[in-house]
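The values are calculated or read from the model by the stated rules, or taken from the named source; none is laboratory data. Just so it is clear, the structure is predicted and the values come from calculations on it, not from any experiment. Counting neighbours? That spans all protein chains shown, and the Cβs are built from the backbone with ideal geometry, glycine included.
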Amino acid sequence: MTTISTPQAPAAIGPYSQAIQVTAQKLTFVSGQIPLDPASGTLVGEGDVAAQTRQVMANLLAIVSAAGHAPSDIAKCTIYLKNLADFQVVNGIYAEALGGHHPARATVEVARLPRDVLVEIDAICAS
């Protein structure tokens, strides 16, 4: 993967890249993850966006690993937020979970998410 950056477009203002170029043998599309405990299937952190984001990232990274990828193989994520006012909290936890890797990313506010959670994140991996 190659990070693409040009001064002819606005610089990334968070833990993401303008673009990621992929020449891959293996692509994995990770479905949107919500904050469910994998053992019990119960919702984690009801009403707590930080707790929910930590669980979402744990779930997402577990799938990435199960597919034979490292977090650094994540090329693109989409973050779906119930309330865009939660952006800073989610952004910080997301950045921490990815440890300095900055995939391309979109963040959108949505009217409703499955099981009325506050955050959902999907990913595309390449290696």
Open item on the list: Based on this model, can you work out whether Ala95 counts as out of contact with any strand residue (DSSP E or B) (no Cβ under 9 Å at 6 or more places or on another chain), surrounded by fewer than 18 Cβ atoms within 10 Å (Cβ to Cβ) and at pLDDT 95 or above?
Closed with: yes
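Scan region 6-36 for residues that are hydroxyl-bearing (Ser, Thr, Tyr) and within 17 Å of Ala106 (Cα to Cα) and jot them down.
Within region 6-36, Tyr16, Ser17, Ser31 meet the criteria.
For region 1-88, give me every one of the strands (runs of 3 or more DSSP E) that falls completely inside it and has 1 or more residues that are in contact with a Pro (Cβ under 6 Å, 6 or more places away or on another chain) and at pLDDT 95 or above.
In region 1-88, 74-81 are the strands (runs of 3 or more DSSP E) which contain 1 or more residues that are in contact with a Pro (Cβ under 6 Å, 6 or more places away or on another chain) and at pLDDT 95 or above.
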Open item on the list: Any residue at all in region 36-58 that's of a type in the set (Ser, Thr, Tyr), buried (at least 18 other Cβ atoms within 10 Å of the Cβ) and farther than 15 Å from Leu118 by Cβ?
Closed with: no
Open item on the list: I need the full set of residues from region 67-93 which are under 16 Å from Gly32 (Cα atoms), of a type outside the set (Gly, Ala, Ser) and touching a residue at least 40 places away in the same chain (Cβ under 8 Å), in order please.
Closed with: Ile74, Lys76, Cys77, Thr78, Ile79, Tyr80, Val90
Task: Hits in region 102-118 (condition: outside any helix (DSSP H, G or I), touching a residue at least 40 places away in the same chain (Cβ under 8 Å) and of a type in the set (D, E, K, R)) - done: Arg105
Task: Qualifying residue in region 10-20 (condition: touching a Phe, Trp or Tyr at 6+ places or on another chain (Cβ under 9 Å) and within 18 Å of Leu113 (Cβ to Cβ)) - done: no
TODO: Answer yes or no as to whether Glu96 is free of Cβ contacts under 8 Å to residues at least 12 places away in the same chain and assigned to a helix (DSSP H, G or I).
DONE: yes
